[in-house]
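What follows is calculated from the coordinates using simple rules that are stated; it is not laboratory data. Only a predicted model underlies this, so the values are computations on that prediction, with no experimental measurement involved. No Cβ is skipped: glycine too gets one built from the backbone with ideal geometry, and neighbour counts run over all protein chains shown.
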Amino acid sequence: MNDFRFYNPTEILFGKNQIEKLGESLKKNNVKKILLLYGQGSIFKNNVYKRTTEMLNSAGIDFVELGGIKANPVLSKVYEAVNLVKQEGVDSILAVGGGSVIDTGKAVAAGALFNGDVWDLFEGKSFTSEALPLFTILTISATGSEMNPFAVITKEDEYKKWPFTAGDASFPKTTVIEPEIQFSLPAEQTAYGAIDAIAHVMELYFDGSENVDIQDEIAEGLIRNIIKHTKILMKSPEEYNSRAELAWSATLALNGINSAGRFGGDWATHTLEHSLSAFYDIAHGAGLAIMFPALKIMTQILL
């Protein structure tokens, strides 16, 4: 097992009626005015928007909002949000959605304090270890972004889909995971989320690390659990325990537990998939479902 530093400061509020508890965490972090980020409308249909804004009002926290964040989130939306944060004097970010919204929140949180073009952070021209506090309410389990410091954004005019982190500052402060919120997800989105989570586990599992028995046991258990409960959800999308099992497994897949003691993962498949979703705007999970079997076949041929 390799030497490692494990650090994960994200507080998780998991289970039923957790949105209403987020207000206490916001107050503990001295949040006064927050930017509410969300996607393309689903939070209005599942009552999440109403509950979130009521929670903010009850906690006495002022907020401004910006919606319309798409899957495969884009740089232009990050710029728009950063400008809004600066104009409105926002002191923190609340991302309500899946990985796309949360990744946008991470980029905005860093960009708001960065004296320069936020895209320079993605290109490696600059680095920052500062970001506004980020809080999240997860609406689809897939990327694990709710409990890690990584984000991926697409620069749409150049078809570049690249990763970024501000290090420890990019971890969400608190994340709400309510399995019931995901009852209304289409089967396709649930499946793509499961594929994404399994892909995270496999990127780490196949990185060539030796003497990592406990991590291998965790990895294999996560994959078995994700497969088991995704099959149940394909037939019974409102089965609470399976939603909970899938949600927590997807979070554990990329929150650092499985990577401790390893080399850090392979990530070739993810890197290749980013080109697919950047050029063709397909779901990340769908792209991974294409890339992982193809890469395995090519490896077998070459070896």
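Values for this structure:
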item	result
Spatially proximal aspartates and glutamates relative to Lys16 (Cα-Cα < 13 Å; intrachain offsets below 8 disregarded)	Glu178, Glu180
Anisotropy class of the stretch 182-302 from Cα gyration tensor, a/c 1.5 cut	oblate
Charge dipole magnitude, Cβ of K and R +1, D and E -1 - the chain, Cα centre, debye nearest 20	620 debye
Cα gyration tensor shape of the stretch 67-179, rounded if a/c is under 1.5, else prolate or oblate by comparing a/b with b/c	rounded
10 Å binning of all Cα-Cα separations within the chain, expressed as whole percents from 0 upward	6, 28, 37, 23, 5, 1, 0
Pairwise centroid distance, computed over Cα atoms, of the stretch 1-59 with the stretch 229-298, Å	23 Å
Shape call, the stretch 1-152: gyration tensor on alpha carbons, a/c limit 1.5	rounded
Qualifying lysines (Cα of each under 22 Å from Cα of Lys160; at least 8 residues distant if same chain)	Lys70, Lys77, Lys106, Lys125
Among Ala112, Asn72, Ala244 the positive-end extreme of the charge dipole of the chain (Cβ point charges)	Ala244
For Ile282, Ile227, order by how many other beta-carbon atoms lie within 10 Å, fewest first	Ile227, Ile282
The chain: calculated mean residue ellipticity at 222 nm from DSSP helix runs of at least 4, using -39500 (n - 2.57)	-14500 deg cm²/dmol
Percent of beta bridges antiparallel (DSSP, the stretch 11-180, rounded to nearest 5)	15 percent
Counting DSSP beta bridges with both ends in the chain, the antiparallel % (nearest 5)	15 percent
Residue order, fewest to most beta carbons within 10 Å, for Thr175, Thr53, Thr230	Thr53, Thr230, Thr175
Sorted by Cβ density within 10 Å, fewest first, the residues Asp91, Asp281, Asp157, Asp3	Asp3, Asp157, Asp281, Asp91
Net +/- balance of residues flanking Lys228 in space, Cβ distance below 14 Å, scoring K and R +1, D and E -1	+1
Assigned charges on the beta-carbon of Lys, Arg, Asp, Glu; the stretch 11-180 dipole about Cα centre (debye)	280 debye
